[in-house]
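Readers should treat all values here as calculations from the given coordinates under stated rules, not as data from a laboratory. These figures come from a predicted structure and were not determined experimentally. All Cβ positions, glycine included, derive from the backbone under ideal geometry; neighbour counts span all protein chains shown.
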Amino acid sequence: MDLGTGLFTCQRRPDDDRTHEAIYDEMLELAGVVDDAGLDSAWVSEHHFADDGYLSGTTPALGALAAATDDVAIGTCIALAPLYDSVRLAEDAATVDLLSDGRLAVGLSIGYRDAEFANFGVPKAERTERTAEAVDVLRGAWSEGPLGVDSEFHDIDPETTVTPKPAGDPPIFLGGAARPAVRRAARIGDGWCAPSSLSLEGVRKRVEDIRRVRDEEGIDGDFQIYVIKHGFVGESAEAAWEAMRDGYFYLQRRYAEWYEGEPIDELPEDRRAELKDEAVFGTPDEVVAELARYGEALGDDIHVILRTYYPGIGTDAMAECIRRLGDEVAPRV
């Protein structure tokens, strides 16, 4: 099992009096801690037009993370593919891969927020087709020679050679829980990312479907399963939960507002209880035991992304959690 962390969202809670510059400095400091802890990956996430400053510039952020780290893989989890000019994304991602000596992974999703599509002038009805084409464009742009893709959404000659080429071969994986999204990942991606809302049984069923589709359609090549979970490692379960709770609930409340399309002052009590049950937190022993369940159900070759970055809970608390994750959890899973 590989083990990474993030997702760096760089949100500023209303009760946080720091500047956005300080919050971005925090991201770079924590990325260095991730690297020093020996974890496998560090991730950024993307949204737009959020009043708390949710990270919007994924490739600039990854360029900074490339400079702040030496060994850890870095990537998008998730970039909103339909909102990009795919050729420009290919160029920017290749630049990040060169800056990081081949450590980039690119996670893509179709997106869901109406405001993002409207303000970028992208028809939401085209999001699936645009995402599939983005995968083709990235692969074509990063291959030797010309692009070789007759793009429907971007006016570029297929004979154009897109530069620079990446240092390595960045994997492209797709997110989503619905059956069409999962099967799309199976057919055109190098991996699939299970959202944190899925139960272990839900992830297992989708992984079975992915393997069945790839087997029946004769799709060869490596395929990585990524699993996102929210969590925290502390001296005790109570201490871990106390440290993550406020930032975790804030993050989940913002997501709920975007899904519902209206402000939410506070998550209902039953929803808070559900979120606590879904999270993986506790002592190193407790976190190891919970992650072991995922390894047993899905196989040892999965890549777990344990979200330990929560807005406003304190840099020191997150850094200590990451060190415990690297020192006392990762070697045992």
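Let's see how each residue does on (1) more than 24 Å from the chain's Cα centre (by Cα); (2) assigned to a helix (DSSP H, G or I); (3) among the hydrophobic types (A, V, I, L, M, F, W, C); (4) loosely packed, with under 13 Cβ neighbours inside 10 Å:
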position: E235; (1), (2), (3), (4): yes, no, no, no
position: W241; (1), (2), (3), (4): no, yes, yes, no
position: L251; (1), (2), (3), (4): no, yes, yes, no
position: E266; (1), (2), (3), (4): yes, no, no, yes
position: L291; (1), (2), (3), (4): no, yes, yes, no
Notebook entry, point to check: Looking only at region 172-209, which residues are touching a Cys at 6+ places or on another chain (Cβ under 8 Å) and of a type in the set (V, I, T)?
Noted result: none
Margin query: Need the failing condition index for Y226 against (1) surrounded by fewer than 18 Cβ atoms within 10 Å (Cβ to Cβ); (2) not in a helix (DSSP H, G or I), just the number.
Written below: (1)
Check: Only one of (1) farther than 22 Å from D136 by Cβ; (2) in contact (Cβ under 8 Å) with a residue 12 or more places away in the chain fails for A118. Which number is that?
Finding: (2)
Notebook entry, point to check: Out of all the residues in region 41-48, is one or more closer than 28 Å to T128 by Cα, surrounded by fewer than 19 Cβ atoms within 10 Å (Cβ to Cβ) and not aromatic (F, W, Y)?
Noted result: yes
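Residue-wise test of (1) buried (at least 17 other Cβ atoms within 10 Å of the Cβ); (2) in contact with a strand residue (DSSP E or B) (Cβ under 9 Å, 6 or more places away or on another chain); (3) without any contact (Cβ under 8 Å) to a residue 12 or more places away in the chain.
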| position | (1), (2), (3) |
| --- | --- |
| E152 | no, no, no |
| I172 | yes, yes, no |
| R183 | yes, no, no |
| W192 | yes, yes, no |
| S196 | yes, yes, no |
| V203 | yes, yes, no |
| V207 | yes, yes, no |
| R212 | no, no, yes |
Checklist line | All positions within region 162-177 that are of a type in the set (V, I, T) and closer than 15 Å to T95 by Cα | finding: V162, T163
Next item on the list: Evaluate the following for I322: is it out of contact with any Pro (no Cβ under 6 Å at 6 or more places or on another chain) and either over 23 Å from D35 (Cα atoms) or part of a strand (DSSP E or B) (or both)?
Entry: no
Item checked: Scope region 76-102; condition surrounded by 20 or more Cβ atoms within 10 Å (Cβ to Cβ) and touching a residue at least 60 places away in the same chain (Cβ under 8 Å); matching residues -> C77, I78, S86, V87, A90, A93, A94, D97, S100
